[in-house]
Amino acid sequence: MNDKQLNRFRLGLLVFLGIFCVSGLLEPDSQQKKEGVQMEEYSAYLIDDFSNDQGVSTHGTSWRIFTDRVMGGRSTATSGYENIENRRCLRLQGSVSLENRGGFIQVALPLKRNGRLFDARDFKGIHLTVLGNGEQYHVHLRTSRTVLPWQYYWAAFKTGSHWQTIDIPFDQFRPESLKKVLNPQKLKRIAIVAIKKAFQADVAVSRLEFYR
């Protein structure tokens with residue numbers, strides 16, 4: 001190979017490597033690292049700070065409201081974005097009724113995105129900033145194991161009339177209609193829920209994230 005051919009070879013190799021670097025093929029986990037799921041230097045992964053008025057979370061999926069009316073219950077609920085004590089938040093209000101085998105209202109966010117479940121195994125649990133009417137509420141997690149509607153993992157938290165931050169470790173989540181403990185590697189959905197007793201619900205969340 002003469003000098004001219006060698007220079008062409010070197011140039012071609014540099015272009016080839018450059019294309020791989022730009023496309024991310026040399027780092028197959030680059031997208032997850034950008035999102036903060038696998039990078040050790042990130043102390044948390046922000047699910048939502050409720051700054052988007054269109055209901056789209058920081059995670060990129062949209063919040064939806066559900067009640068027991070999907071199964072014949074009689075609970076009622078509303079949800080919306082508000083500013084409370086200078087904090088932007090998502091507020092869930094309603095009446096939880098136990099009539100006709102009902103008993104819940106919730107706002108839920110898909111964690112599954114682009115066909116991929118969320119891998120939270122590098123995190124310790126859920127960090128949320130909440131305000132409420134003094135009642136107890138739940139965080140629900142659904143995974144690849146929660147196939148039936150009444151299967152989920154839950155943890156309770158108490159609210160007060162002032163904003164407070166709460167950490168809920170994954171090992172505090174209890175299985176509902178399941179035997180296996182929570183595996184945070186394959187999360188499908190997270191929800192803020194008022195459930196299991198008849199009461200007037202009023203709870204707001206201003207920040208929601210996974211923490212290390």
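The values are calculated or read from the model by the stated rules, or taken from the named source; none is laboratory data. As the structure is a prediction and not an experimental result, all values here were calculated from the model. Because the Cβ atoms are built from the backbone with ideal geometry, glycine has one as well, and the counts that use them run over all protein chains shown. Each accessible area value is taken on the protein alone, full model and side chains, heavy atoms only, with ligands, DNA and RNA left out. Shrake-Rupley method; radii C 1.70, N 1.55, O 1.52, S 1.80 Å.
Between GLN151 and ARG212, the distance separating the two model label sites (each 7 Å from Cα on the Cα→Cβ line) works out to 3.3 nm. Gain on full extension, evaluated as 0.36 nm per residue between ARG174 and SER95 minus their Cα-Cα distance, stands at 26.0 nm.
For SER206, SER79, SER51, give the ranking by accessible area with the largest first, probe 1.4 Å. Walk me through the intermediate numbers first.
Numbers: SER206 10, SER79 55, SER51 80 Å².
The ordering from most to least exposed comes out as SER51, SER79, SER206.
Using the Cα gyration tensor of segment 45-181, with a ≥ b ≥ c the square roots of its eigenvalues, what is the shape: rounded (a/c below 1.5), prolate (a/b larger than b/c) or oblate (neither)? Note, shape of segment 45-181 comes out rounded. Computed from point charges on the beta carbon alone (+1 for Lys and Arg, -1 for Asp and Glu), the dipole magnitude for segment 170-212 about its Cα centre is near 240 Debye.
Ligands, DNA and RNA excluded, the heavy atoms of ASP167 present near 80 Å² of accessible surface to a 1.4 Å solvent probe. For ARG145, nonlocal amide neighbours, meaning residues 5 or more places apart or on other chains whose placed amide H falls under 5 Å from its own, do not occur. Solvent-accessible surface (1.4 Å probe) assigned to THR165 amounts to roughly 90 Å².
Distance between the C-alpha centres of segment 143-201 and segment 55-71: 15 Å, rounded to the whole angstrom. Loop-located chymotrypsin sites (Phe, Trp or Tyr not before Pro) across segment 150-212 with a Cβ neighbour count of 11 or fewer within 10 Å are TRP150, with loop assigned by DSSP.
3J(HN,Hα) along segment 178-187: 9, 9, 7, 6, 5, 10, x, 6, 10, 8 Hz, from the Karplus curve 6.51 cos²θ - 1.76 cosθ + 1.60 with θ = phi - 60°, whole Hz, x for Gly and Pro. How much of the accessible area of segment 54-212, probe 1.4 Å, is carbon plus sulfur, in whole percent? Of the solvent-accessible surface of segment 54-212, carbon and sulfur hold 45 percent.
Taking 22 Å as R0, compute the FRET efficiency from the Cβ-Cβ separation of LEU117 and PHE66 and round it to 0.05. It would help to have the intermediate numbers written out before the result.
On the way: r = 20 Å, r/R0 = 0.91.
The value I calculate is 0.65.
Between the amide H of PHE50 and those of THR58, distances stay under 5 Å, these residues lying 5 or more places away or on another chain, with hydrogens modeled in the peptide plane.
Rolling a 1.4 Å probe across the protein heavy atoms gives segment 57-104 an accessible surface of 58 Å² per residue.
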